[in-house]
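Student: Here it is, the structure, as structure tokens.
The values are calculated or read from the model by the stated rules, or taken from the named source; none is laboratory data. This one's a predicted model, so the numbers in the text were calculated from it and none came from an experiment. Please note: Cβ atoms are built from the backbone with ideal geometry, for glycine as well, and neighbour counts cover all protein chains shown. Surface accessibility is based on the protein's heavy atoms, side chains included, excluding ligands, DNA and RNA. Shrake-Rupley method; radii C 1.70, N 1.55, O 1.52, S 1.80 Å.
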Amino acid sequence: MFDMKKVDIEWGGKTLTLETGRVARQADGAVLATLGETVVLCAVTAAKNVKPGQDFFPLTVHYQEKYSAAGRIPGGFFKRERGATEKETLTSRLIDRPIRPLFPDGFFNEVLVIAQVLSYDGENEPDVVAMVAASAALTLSGIPFMGPISAARVGYVDGEYILNPTQDQIKEGELDLMVAGTYDAVLMVESEAKELSEDVMLKAVMFAHESGKKVIEGIIRLAEQAAKDPWELEEPIDTSAIKQKLLGLIGEDIAAAYRTTDKQQRQTALNEARARAREGLADMEASDPAGYLGALKLVKKLEAEIVRGAILKEGRRIDGRDTKTVRPIESMVGFLPRTHGSALFTRGETQAIVTTTLGTKDSEQMIDGLTGLSYERFMLHYNFPPYSVGEVGRFGAPSRRETGHGKLAWRALHAVLPTHEEFPYTIRVLADITESNGSSSMATVCGGSLAMMDAGVPLKRPVSGIAMGLILEGEDFAVISDILGDEDHLGDMDFKVAGTSKGITSLQMDIKIAGITEEIMRVALDQANAGRAHILTEMAKALDHTREELSAHAPRIETMQIDKAKIRDIIGTGGKIIREIVATTGAKVDIDDEGLIKISSSDLNQIEAARQWILGIVEEPEVGKVYQGKVVNLVDFGAFVNFMGGRDGLVHVSEIKNERVERVADVLSEGQEVKVKVLEIDQRGKVRLSMRVVDQETGEQLEDTRPPREERPRGERSDRGDRDRGPRRDGGGRDRGPRRDGGGRDGGRDRGPRGEGGDRGRGGEGGDRDRGPRPEGDREGGDRGDRAPRGDRGDRGDRSDRGDRPQGGDRPQGGDRQREDGPEPEFAPAFLVRDDD
């Protein structure tokens, strides 16, 4: 069923597999590319006919990441892939940019390229695999394509270049660079760097280009097995005669127009020349519509030849500058009164209003992708309204171009941002292009750097950016600095470089020809370095350092670190405590799993209140220290005061004032703010507070003028066991011997186990239970060994009629008494003593 063809390519220590003939067989070309366990399917289709009247090449590229590739279900309500994410849009542009210039001139058939990520292993990035798959699919399709191309990502760690690094290696390193090109030349560069030199960047580009040659060789091997027959193209029509006619009609007018330095006047002059060309070719419109459209396109070629010739031969550009001069620059900061930071950056006829807004962690952007949820604290958004070029057009959601330009500026500035610990704010930079005549993305970089410094963001160094152009005719070439819009359209290269005085932070290159050499890139980088330095000097005239104070309208954020064991105390049950802190103080409080707390508010008093509250929860009170507190409960004997957030203490009624306080409610009320001093913390953690030794106005400690309380005389009750309480007598006057030590019935001695009679009931009858050990020692009354056992002491008679009992001496606990029916026992339990005893 399947006529499958496959090649394996050893690439950077891994195996890249390209397969065709099994999946998507009805497409013009389809390739399943596998690197590790990352799998991307790319299918290419093309329309067989050109739409009537179409005079441009309609190429569309879509890159899509399937959540199932990483074993995830999309978030949100719909639970399916919907509109393109920012990464998908940027990757689509990455694929589009190097393949677009490789289609032949005059090919206007619609082409659709779709790359879908089917499996992702978390290590091998799918964007590189998608670019390779797209190149292979186009090569196999038979569509006229002057490929194949290769693609490679390069990292730079510890002075070594790494081919196709992992995300962890990119984060650890200093470079994230993507390169695409043919076997002979580089076509596209996209990068973010941490202030690297021009030499390091150039070597990285050439390292990627050289590494990609193995991929091109593998695609060619696959094409030899499975490529379809190439499409037949019509022979190009000889237009030399029409071109000469146009040159005679409007040649001088076009040359004069491009000598006009003002953009609007130049556009007016060019439109008049184009109108005269349409009038001169009116006879062709009815007889040969296709030829008429082709003739009109020659006007654009005629313009390009005039402009390019002036630059190469005369060194004169459209606005009269030489190839290295940068247009006049005017910068202003603090342009808008209520923003946290703002700048107006103008370079010639390109202008941007850039603002910076600071926010808290709640404002971070949540990104849902193949790797799961992540959060980004730095955002840069670029807007290009149609009025910036004096046109009427669509206005609304950002286009692919706006997304790409914004990301380029984001990369340029991201490398110089402070760490999260140094500046715990979420940062959003917004660039609104108000005028455009070349390199508005680099104006965004310059304005964004100024706006962030104006907002108080401590950048490592200011960043500037410049756009370079190229005019290449045979062996002759000219690199031009700070290109205009027309020079971009009519030239061969758009080469953007951004960086600080130390090095490059971002590099982007798009080629409109088959590629450029290392020599041209080196010249462009060196010339760009001089241009960036000049722009930094002009920017410094407006602001050359980060403002020390934030805007009065910006939120303040303070951080504090606590023990992770205290996190639960601050959050409380179900978030009760942290919600109370936020509701009461008005400040936002965020806490992470490591115990880092961020307190934010535009009011410093709110921040301080929340900070003190949190300190009150995590700190332990110190004896002798004064705290601010609030009365939370009144009781008869004092008041409970909350003085450390979640910590309460008691102010006894005697510690409220030096004077006597009859009723606590007469002096204090619930909710009242007071200042208290910690007097004591007992073993159970209970805190005793005092108000009377603290000045309630200033919080200063006062001298304790109250005299110490005198101890009440209580006699010698603690030594009652030694006093002589007199002889013990029974009812008949019999001396029962001296009393026991301690005055108690037992004297603290072990009386040993009771006799077999056991415990006696109320009737005096013995029991069977052991009554426990007796206290040590013998009674001082003498040896009782001659006494009969309790069980043999005879009938004690009826005890209900006991009559009046004579008083004995001082007796302990119920005393000793003479019984009518027998001798008095030496031990009498309390329940045997009558009320009148």
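Student: If a residue has to be farther than 16 Å from Ile306 by Cα and surrounded by fewer than 21 Cβ atoms within 10 Å (Cβ to Cβ) to count, how many in the stretch 442-475 make the cut? Outline the logic, then answer.
Tutor: Start the filter on the stretch 442-475 by keeping residues that are farther than 16 Å from Ile306 by Cα, which leaves 442-469, 474-475.
With surrounded by fewer than 21 Cβ atoms within 10 Å (Cβ to Cβ) added as a condition, the list becomes 456, 458-461, 474-475.
Residues meeting the conditions: 7.
Student: For residues that are assigned to a helix (DSSP H, G or I) and acidic (Asp, Glu), scanning just the stretch 283-293, find the one that is nearest to Ile483 (Cα to Cα). Working first, answer last.
Tutor: Our first condition is that a residue be assigned to a helix (DSSP H, G or I); within the stretch 283-293, this holds for 283-287, 289-293.
Add one more test, that the residue is acidic (Asp, Glu), and what stays is 283, 285.
Details: Asp283: 38, Glu285: 36 Å.
Among those residues, the one meeting the criterion is Glu285.
Student: Restricted to the stretch 6-27, and to residues that are more than 15 Å from Leu222 (Cβ to Cβ) and in contact with a Ser or Thr (Cβ under 9 Å, 6 or more places away or on another chain), which residue is surrounded by the fewest Cβ atoms within 10 Å (Cβ to Cβ)?
Tutor: Residue satisfying both the conditions and the ranking: Gln26.
Student: May I pose another question? Which of the residues spanning the stretch 28-45 are more than 35 Å from the chain's Cα centre (by Cα) and either more than 25 Å from Asn109 (Cα to Cα) or open to solvent by less than 20 Å² (accessible area, probe 1.4 Å) (or both)?
Tutor: Passing the criteria: Gly29, Ala30, Val31, Val44.
Student: If you don't mind, there's one more thing I want to ask. Only one residue in Glu195, Glu190, Glu160, Glu174 is on the phi > 0 side of the Ramachandran plot and not small (Gly, Ala, Ser). Which one?
Tutor: Answer to the selection: Glu195.
Student: Right, another one. Looking at the stretch 651-668 only, could you name the residues that are over 18 Å from Asp704 (Cβ atoms) and either among the charged types (D, E, K, R) or in contact with a strand residue (DSSP E or B) (Cβ under 8 Å, 6 or more places away or on another chain) (or both)?
Tutor: Taking the stretch 651-668 first, the residues over 18 Å from Asp704 (Cβ atoms) are 662-668.
Scanning the stretch 651-668 gives Glu662, Arg663, Val664, Ala665, Asp666, Leu668.
Student: Out of everything in the stretch 642-653 that is modelled with pLDDT of 90 or more and under 16 Å from Lys686 (Cβ atoms), what residue ends up being surrounded by the most Cβ atoms within 10 Å (Cβ to Cβ)?
Tutor: Val651
Student: Now for a different question. Provide a single number: the residues in the stretch 497-524 that are closer than 18 Å to Asp96 by Cα and of a type in the set (Lys, Arg).
Tutor: 1
Student: Taking strands (runs of 3 or more DSSP E) that do not extend beyond the stretch 491-570, which have at least 1 residues that are aromatic (Phe, Trp, Tyr) and in contact with a helix residue (DSSP H, G or I) (Cβ under 8 Å, 6 or more places away or on another chain)? Walk me through how you get there before you give the answer.
Tutor: Numbers: elements: 493-499, 504-511, 556-561.
Here the list reads 493-499.
Student: Follow-up question, since we're still on this one. Could you grab me the full set of residues in the stretch 426-437 that are outside any strand (DSSP E or B) and either open to solvent by 10 Å² or more (accessible area, probe 1.4 Å) or of a type in the set (A, V, I, L, M, F, W, C) (or both)?
Tutor: The one that is outside any strand (DSSP E or B) and either open to solvent by 10 Å² or more (accessible area, probe 1.4 Å) or of a type in the set (A, V, I, L, M, F, W, C) (or both): Ser436.
Student: Which residue is modelled with the highest pLDDT, if the candidates are limited to the stretch 533-585 and must be of a type in the set (Ser, Thr, Tyr) and within 30 Å of Ile466 (Cα to Cα)?
Tutor: Selected residue: Thr537.
Student: Moving on. Filter the stretch 465-490 down to the residues that are part of a loop (DSSP other than H, G, I, E, B) and out of contact with any strand residue (DSSP E or B) (no Cβ under 8 Å at 6 or more places or on another chain) and list them by number.
Tutor: Gly474, Glu475, Leu484
Student: Now, a different point. Among the residues in the stretch 436-443, are any over 30 Å from Thr260 (Cα atoms) and within 31 Å of the chain's Cα centre (by Cα)?
Tutor: No, the stretch 436-443 contains no residue that is over 30 Å from Thr260 (Cα atoms) and within 31 Å of the chain's Cα centre (by Cα).
Student: Of these, Ile617, Ile656, Ile591, Ile599, which one is of a type in the set (Val, Ile, Thr), surrounded by 15 or more Cβ atoms within 10 Å (Cβ to Cβ), closer than 26 Å to Glu421 by Cα and out of contact with any Asp or Glu (no Cβ under 7 Å at 6 or more places or on another chain)?
Tutor: Ile591
Student: Please go through the stretch 312-325 and give me each residue that is under 48 Å from the mean Cα position of the chain (by Cα) and open to solvent by less than 60 Å² (accessible area, probe 1.4 Å), ordered by number.
Tutor: If the condition is that a residue be under 48 Å from the mean Cα position of the chain (by Cα) and open to solvent by less than 60 Å² (accessible area, probe 1.4 Å), then Arg317, Ile318, Asp319, Gly320, Arg321, Thr323, Thr325 are the ones that fit.
Student: Checking the conditions here, which among Val333, Val354, Val299 is of a type in the set (A, V, I, L, M), under 22 Å from Ala241 (Cβ atoms), in contact with a helix residue (DSSP H, G or I) (Cβ under 9 Å, 6 or more places away or on another chain) and open to solvent by less than 50 Å² (accessible area, probe 1.4 Å)? Show your work before the answer.
Tutor: Details: Val333 fails: under 22 Å from Ala241 (Cβ atoms); Val354 fails: under 22 Å from Ala241 (Cβ atoms).
Every option except Val299 fails the conditions.
Student: Additional query: For the stretch 190-204, which positions are over 31 Å from the mean Cα position of the chain (by Cα) and not charged (D, E, K, R)?
Tutor: Listed by number, the list holds a single entry, Leu202.
Student: Shifting gears a bit: If you check Glu519 against the conditions, is it without any contact (Cβ under 8 Å) to a residue 12 or more places away in the chain and within 28 Å of Glu174 (Cα to Cα)?
Tutor: The answer is yes for Glu519.
Student: Could you look through the stretch 672-708, keep only residues that are of a type in the set (Gly, Ala, Ser) and in a loop (DSSP other than H, G, I, E, B), and pick out the one that is surrounded by the fewest Cβ atoms within 10 Å (Cβ to Cβ)? Explain how you work it out, then say what you get.
Tutor: Residues of the stretch 672-708 that are of a type in the set (Gly, Ala, Ser), as a first pass: 685, 690, 699.
Filter again for in a loop (DSSP other than H, G, I, E, B), leaving 685, 699.
Details: Gly685: 9, Gly699: 13.
In this case the residue turns out to be Gly685.
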